[in-house]
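Shown next, in structure tokens, is the structure this report addresses.
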Amino acid sequence: MEQTKQLVDAIIKGVQEKKGTDITVINLSEIEGSICRYFVICQGNSPQQVEAIADEIEETARIDAQQKPVRVVGRENAVWVAMDYSDVMVHVFVPDAREYYDLEHLWSDAPMEMIPNLD
């Protein structure tokens, strides 16, 4: 579990490094049948920023947690990039797509932590 927490911390660091905002960490470890232990959801203001955030998450997770994603999808249009780290799923959205898909609502029965935005 410590390795998973280290990965979540590295992901948050990568998001903040590229000025990603509204980071939500959803703990799914107690939800029976969930596909992973954590969801990390965040946003960038444009497809270019979403792509930069995804790139930085990949780099920071590789360096700080020695983890590489199993799969990354959505880079083509970069309005929603999903990154699968097995125990952690990362979702990087533009604001409209995040509001539309509302992933936080899907997991409303799980504990959520909102990470404060950096100034």
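The values are calculated or read from the model by the stated rules, or taken from the named source; none is laboratory data. The structure presented is a predicted model; accordingly, all values stated were derived computationally and were not measured. Positions of Cβ are backbone-derived with ideal geometry, glycine not excepted, and every protein chain shown enters the neighbour counts. Protein only, heavy atoms only, side chains kept; ligands, DNA and RNA dropped before computing areas. Shrake-Rupley method; radii C 1.70, N 1.55, O 1.52, S 1.80 Å.
Observations on the structure shown:
- Within the straight-line cut-off of under 19 Å between alpha carbons, the aspartates and glutamates reachable from LYS68 are GLU2, ASP9, GLU17, GLU51, ASP55, GLU56, GLU58, GLU59, ASP84, ASP87, sequence neighbours fewer than 8 places apart in one chain being disregarded.
- Which label in [x] 65, 30, 17; [y] 49, 28, 25; [z] 35, 32, 29 gives the computed Cα extents along the principal axes in Å: [z]
- Percentage, to the nearest whole number, of Cα pairs in the stretch 10-51 over 16 Å apart: 43 percent
- Note on the chain: with neighbouring protein chains present and a 1.4 Å probe, carbon and sulfur make up 47 percent of its accessible heavy-atom surface.
- Beta bridges per DSSP with both ends in the chain, % antiparallel, nearest 5: 75 percent
- Value at 222 nm in deg cm²/dmol, rounded to 500, when DSSP H runs of n ≥ 4 in the chain each add -39,500 (n - 2.57): -12000 deg cm²/dmol
- Its Cα centre serving as origin, the chain has a Cβ charge dipole (Lys and Arg +1, Asp and Glu -1) of approximately 280 debye.
- Relative contact order (percent, whole number), the stretch 9-48, Cα cutoff 8 Å, 6+ residue spacing: 39 percent
- Between the stretch 34-69 and the stretch 75-96, the alpha-carbon center distance in angstrom: 7 Å
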